[in-house]
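Undergrad: Before I ask anything, here is the structure I am working with.
The values are calculated or read from the model by the stated rules, or taken from the named source; none is laboratory data. Note that the structure is a prediction, hence the values are computed from the model and not measured. Glycine gets a Cβ as well: all are built from the backbone with ideal geometry, and neighbour counts include every protein chain shown. Please note that ligands, DNA and RNA were not included when accessible areas were found on the heavy atoms of the full protein model with its side chains. Shrake-Rupley method; radii C 1.70, N 1.55, O 1.52, S 1.80 Å.
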Amino acid sequence: MNLVQLLVRHARLDPARPAIYQGTTLHASYGVWAARSAGLARRMVAAGLRPGDRVLVFMSNHPRYLEILWAAWWAGLVVVPVNAKLHAREVEWIIGHARPAWGVVSADVASDPLAGLVRQIEVDSAEMDALLAPLPDPWQQEPVPREPDDLAWLFYTSGTTGRPKGVMLTHRNLMTMGLTYFVDVDAVDPADAIVYAAPMSHGAGLYAVPHVMAGARHVVPVSGGVDPAELHALGCALGPLSTFAAPTIVKRLVDHAEQAGLQPEDCARAWKTIVYGGAPMYLADIQRALRVMGPRFVQIYGQGETPMVATALARHHLTDTAHPRHLERLASVGVAQTPVALRVADEQGRALPVGAVGEVMVRGDSVMAGYWENPEATVAAIRDGWLLTGDVGSLDEDGFLALKDRSKDLLISGGSNIYPREVEEVLLTAPGVSEVAVVGAPDPEWGEVVVAFVVCQSDRQTDADALDAHCLAQLARFKRPKRYVFVSELPKNNYGKVLKTVLREQLKTATSA
């Protein structure tokens, strides 16, 4: 079960089929892609790389990203994709931990040598041109056999609470993820195209797997990132696009559509499916997205430890406004995806009844093999085959999962549990509020009190009294923020997740000053 067979299959069936684009320019057909990846695989093996060795990929989104990934798998290697926004010192820590022999980088993120690599190759160099030179007959380079539980992708977590951990994802994990896409997320036709606007080192790149399975097209924007006007134009030129995006990216796409005066039918010409996940999508935001762009959306919930696979909120769930619990479903993350079991459990891991709040647990063939060289963390994360996600939620009678918060974000004020997301959902409906993050601040009387960090809309303002009245109209009094901090922006990591640890530190610093 080597993932490279997905590419080999289509390259043999239809070598002339368009595969990779940079903007609207064809970069490679499936046959050329296979020939280049086979050539790089042969040269990696000739240079002494052996099955199971790691190859670091530290670069901005690039058409060659896909050729490098599939070349590594062709040679039986493990890819270590690293977010291009990381600092070189953070990358060097990952290098020291994962011990990759080779690293492929782009000059915009790694102009200097990275410590710990035997060989560092710049993706646009003559050296890389030679390594990727296509084999005249790629089938002479036999793909290295891999077992289902052999590693394919070593993903390092974002490390918001300490050093990142290396999540070991196997060929079985990624094959499960790819096949699940067709059942629970979206149908894919060979004429479809996925665009990589979010980092290919993360969820966007993982979704290359199902699109290679289908023989679809792969599009890297010339900008390499999120330019809503560019993406809309690309979709109109190449046909409706699909993509994976964090909620922050979805907001930018919706903002552009609204500001450009686009109607849902205009968006339909550019976009087929926008899969969102990776951070909370608040009810007000998805309602606006559906109103402005139409039924383009599917939500998934997963983690690096169960990549893209835990629950899904399908397009028909999002648009079924006649259902009596439509708003509750809209605010949920959907139902368990096909290959996994889902449980909301108490501290002993026992399943809780419908409506009870506990830790979300996932079990199935998408769950990681463990953390790289970190058996203690692996034991803490996996119990009897169940992945302990660290997320808190509840299931309704139909199996829809409502996430409350990360377990570490739960507030206990005066002995009562307060879930920050519940407060955030309310504040986001207040006039003048663009973004909000709620955290707890230590308090000698109550233990913790609720503090809301608020970003106002550029053209509208609000104040603490107005927000307090808004909360009191919709929340129990003990849940309302005791303090509002107005900021120009919220601190976020490289994947768009709000860094609540930074906000808590800001509160501590302000208190001690």
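Undergrad: Per residue of the chain, what 222 nm ellipticity follows from adding -39500 (n - 2.57) for every DSSP H run with n ≥ 4, rounded to the nearest 500?
TA: Calculated mean residue ellipticity at 222 nm is -9000 deg cm²/dmol.
Undergrad: What are the residues whose amide H is under 5 Å from the amide H of SER434, where those residues sit 5 or more places off or on another chain and H is modelled from the backbone?
TA: HN-HN under 5 Å from SER434: VAL455, CYS456, GLN457.
Undergrad: Roughly speaking, what is the centre-to-centre gap between segment 165-196 and segment 233-262 when only Cα atoms are used, to the nearest Å?
TA: So the separation of the two Cα centres works out to 21 Å.
Undergrad: Using 1/(1 + (r/R0)^6) with R0 = 22 angstrom and r between the beta carbons of LYS482 and LYS408, what's the FRET efficiency to the nearest 0.05?
TA: 0.60
Undergrad: Once each part is reduced to its C-alpha centroid, what is the distance from segment 341-401 to segment 445-511 in angstrom?
TA: So the two Cα centres are separated by 29 Å.
Undergrad: Something else: Sort 109-119, 174-184, 34-44, 80-90 by packing, meaning the average of other beta carbons within 10 Å per residue, with the highest value first.
TA: Descending packing order for the listed peptides: 34-44, 174-184, 80-90, 109-119.
Undergrad: For Cα pairs less than 8 Å apart in space and 6+ apart in sequence, what is the mean separation divided by the residue count of the chain, i.e. the relative contact order in percent?
TA: 10 percent
Undergrad: Over the chain, what percent of the accessible surface lies on carbon and sulfur atoms, probe 1.4 Å?
TA: 52 percent
Undergrad: Where a ≥ b ≥ c are the square roots of the eigenvalues of the C-alpha gyration tensor, would you call segment 1-85 rounded, which needs a/c under 1.5, or, failing that, prolate if a/b is larger than b/c, or oblate?
TA: oblate
Undergrad: Turning to a different aspect of this structure: Please give the contour-minus-distance gain from ALA464 to ALA115: 0.36 nm per residue of separation, less the Cα-Cα distance, rounded to one decimal in nm.
TA: Length gained, ALA464 through ALA115: 120.7 nm.
Undergrad: Still on this structure, I have one more. Give the long-range amide H neighbours of ARG406: residues separated by 5 or more places, or on another chain, with amide H under 5 Å away, using H modelled in the peptide plane at 1.01 Å from N.
TA: Those lying under 5 Å, H to H, from ARG406 are VAL392.
Undergrad: If DNA, RNA and ligands are ignored and the probe is 1.4 Å, what is the ranking of ILE382, ILE121 by accessible area, most exposed first?
TA: From most exposed to least exposed: ILE382, ILE121.
Undergrad: Using R₀ = 22 Å, calculate the FRET efficiency as 1/(1 + (r/R₀)^6) where r is the Cβ-Cβ separation of ARG291 and ALA229; round to 0.05.
TA: The value I calculate is 0.60.
Undergrad: Continuing with this model, one more query. Return the sequence-ordered ³J(HN,Hα) values of segment 227-237 in whole Hz as given by the Karplus equation 6.51 cos²θ - 1.76 cosθ + 1.60 applied to θ = phi - 60°, using x for Gly and Pro.
TA: 10, x, 5, 4, 5, 4, 5, 4, x, 5, 7
Undergrad: With no solvent and one point on each alpha carbon, what is the Debye value of log10 I(q)/I(0) for segment 369-499 at q = 0.12, 0.14 Å⁻¹?
TA: Here the Debye-derived log intensity ratios amount to -0.59, -0.76.
Undergrad: Next question, about the same structure. Residues in segment 88-110 near a label at GLU376, defined as backbone nitrogen under 12 Å from the 7 Å Cα→Cβ point?
TA: none
Undergrad: Between ARG163 and ALA16, what is the spin-label point distance in nm, taking each point 7 Å from the Cα along the Cα→C-beta axis?
TA: 5.4 nm
Undergrad: Would you mind computing, in nm to one decimal, how far apart the modelled labels at GLU122 and ARG350 are, each placed 7 Å from Cα along Cα→Cβ?
TA: Here the modelled spin labels are 6.2 nm apart.
Undergrad: I would also like to ask the following. Once ligands and nucleic acids are excluded and a 1.4 Å probe is used, how much of ARG350 is accessible, expressed in Å² to the nearest 10?
TA: Only protein atoms counted, so the area is about 140 Å².
Undergrad: Would you mind giving the average projected area, over all directions, of the Cα convex hull of segment 359-419 in nm² with one decimal?
TA: 5.7 nm²
Undergrad: For TRP139 and GLN457, FRET efficiency with R0 = 35 Å and r from the beta-carbon atoms, rounded to 0.05?
TA: Efficiency computed from Cβ-Cβ geometry: 0.05.
Undergrad: Which percent, to the nearest 5, of DSSP beta bridges fully inside segment 1-133 are antiparallel?
TA: Rounded to the nearest five, the antiparallel share is 25 percent.
Undergrad: If you plug each phi of segment 39-44 into the Karplus form 6.51 cos²θ - 1.76 cosθ + 1.60 with θ = phi - 60°, what whole-Hz ³J(HN,Hα) values come out, in order, with x for Gly and Pro?
TA: x, 5, 4, 4, 6, 5
Undergrad: Restricting the count to DSSP beta bridges whose residues both fall in segment 120-231, what percent are antiparallel, rounded to a multiple of 5?
TA: The antiparallel proportion sits near 60 percent.
Undergrad: Please give, to one decimal in nm, the separation of the simple spin-label points placed at ASP189 and ASP266, each 7 Å out from Cα toward the Cβ.
TA: Each label point is offset 7 Å from its Cα along the Cβ direction, giving 2.5 nm.
Undergrad: So how do PHE486, PHE400 rank on accessible area, 1.4 Å probe, biggest first, that is with the largest at the start?
TA: Sorted by accessible area, descending: PHE486, PHE400.
Undergrad: Taking 8 Å as the Cα distance limit and 6 or more residues as the minimum spacing, I'd like the relative contact order of segment 363-513 as a percentage.
TA: Computed value for segment 363-513: 16 percent relative contact order.
Undergrad: Here's something else I'd like to know. With the Cα gyration tensor of the chain in hand, give its eigenvalues times 5 under a square root as the equivalent ellipsoid semi-axes, listed largest first in whole angstrom.
TA: Equivalent ellipsoid semi-axes, largest first: 39, 26, 22 Å.
Undergrad: Along each principal axis of its Cα atoms, how long is segment 214-343 end to end? Whole angstroms, biggest number first, please.
TA: Dimensions of segment 214-343 along the principal axes of its Cα atoms: 43, 32, 24 Å.
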